[in-house]
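Worksheet: the structure to be examined is printed underneath.
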Amino acid sequence: MNNQENSHPDTGGQTPHRRRVRYKGTHPRTWQERYKELEPDKYGETVERVIRKGSTPAGMHISICVEEILEFLKIRPGQTGVDCTLGYGGHTRRMLECLEGRGHVYGLDVDPIESVKTRQRLEGLGYGPELLTVCQMNFADIDRLALKKGPFDFVLADLGVSSMQIDNPERGFSYKHQGPLDLRMNPGQGITAAQRLAAISREELEGMLVENADEPYADRIAAELVRAVRRGEPVETTIQVRDLIGKALSFLPEAEHKEAVKKSCARVFQALRIDINHEFEALYALLEKLPGVLAPGGRVAILTFHSGEDRLVKKLFKEHRREGVYRETAEEVIRPSAQECARNSRAKSAKLRWAIRA
């Protein structure tokens, strides 16, 4: 078929203009319909209304424990630090404010899509390359950055997945929307979650679900997913996985089934995401390298959202304190306030731990 056959008769061979998808009724359901939330500069009132309801606007991320983190880091003008997980840039922006125009923040992120948007957003607020450098790299390689730009006075790692990644169906991070079963932080590297499921054994998948997500029905879910793959059924989209989880839990009473499926879906997607992005391995590497990249008296804060992550942070901080590498570590975990959790439901599972270099 040639170009003329593809073109509209009144457009001179050009692709015809398509109207933007508008809200249907009062509550937009799809990502594309939420165009007001995706343009916060233009529709600020809509964005604020969504936040007041306790929801996160599409395309945005509401940073967690910001005040608690800044209170601990005690950032001063002239210091140099790293935000290991740039994301939407909420924490980074507040760090830059603390510098008052003197010092530097390095923002790391493996996501080539969102990191570009965030750099442009922060540049628009006046934080150019003299104050901020955005690096597309994994925080497991923080030692490479430190060789050229360290040592650092402060380091933050927020291990949560950014809301704009979760909510975008094209990224495949959520079971709530139809999309490809991808789950890669960097869509240009590694294998997708669909490819992982296509080759995994039932025993390995069951172990992954237990280790990465404490899934109570790991055996039944793993058996159902692997059985579907071996039968030649497509297991390539988010909804297909959700439906198979629902089938695996069909033995539950009807009154319990819907809520159980919802919780298991969240855990299964978390387990797959952690696995294909090698998140535990990256966190372990970061924790081992932190003492070597922090300046004397340098401070590090780590925000976790999973019990396995928190256990690892607690363990390594304790070990390094016993060895005399850290002069002080958090005795108790810090949690978001009730007010913050009410405003942002995604804050409920957050745990903050910190350490100070000797």
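The values are calculated or read from the model by the stated rules, or taken from the named source; none is laboratory data. Note that the structure is predicted; figures quoted are calculated from it, not measured. Please note: Cβ atoms are built from the backbone with ideal geometry, for glycine as well, and neighbour counts cover all protein chains shown. SASA here: full protein model, heavy atoms, side chains in, ligands and nucleic acids out. Shrake-Rupley method; radii C 1.70, N 1.55, O 1.52, S 1.80 Å.
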Roll a 1.4 Å probe over the protein chains and send me the accessible area per residue for the stretch 100-191 in Å². 45 Å²
Taking a cut-off of 16 Å, what percent of all Cα-Cα pairs in the stretch 69-182 are separated by more than that? 59 percent
Rounded to whole Å and ordered largest first, report the semi-axes of the equivalent ellipsoid of the stretch 225-334 derived from its Cα gyration tensor (root of 5λ). 40, 17, 10
Simple Cβ-charge dipole of the stretch 116-222, Lys/Arg +1 and Asp/Glu -1, about Cα centre, in debye nearest 20: 480 debye
7 Å from Cα along Cα→Cβ at both Asp219 and Lys74: what's the point-to-point distance in nm? 5.2 nm
I need the chymotrypsin sites (Phe, Trp or Tyr not before Pro) found in the stretch 250-322, filtered to DSSP loop residues with at most 10 other beta carbons within 10 Å of theirs. Phe251
Specify, per residue and in Å³, the volume enclosed by the convex hull of the alpha carbon atoms belonging to the stretch 272-358. 101 Å³
Shape call for the stretch 100-160 from the C-alpha gyration tensor, a ≥ b ≥ c root eigenvalues: rounded (a/c under 1.5), prolate (a/b greater than b/c) or oblate? oblate
Stokes-Einstein diffusion coefficient for the stretch 121-214 at 20 °C in a medium of 1.002 mPa s, Rh from the Kirkwood formula over Cα pairs: what value in µm²/s? 128 µm²/s
Within straight-line cross-link reach of Lys149, aspartates and glutamates at Cα separation under 15 Å, skipping those fewer than 8 residues along the same chain: Asp83, Glu130, Asp141
Starting from the Cα-Cα distance between Val116 and Ile191, subtract it from 0.36 nm times their residue separation and give me the gain in nm to one decimal. 24.8 nm
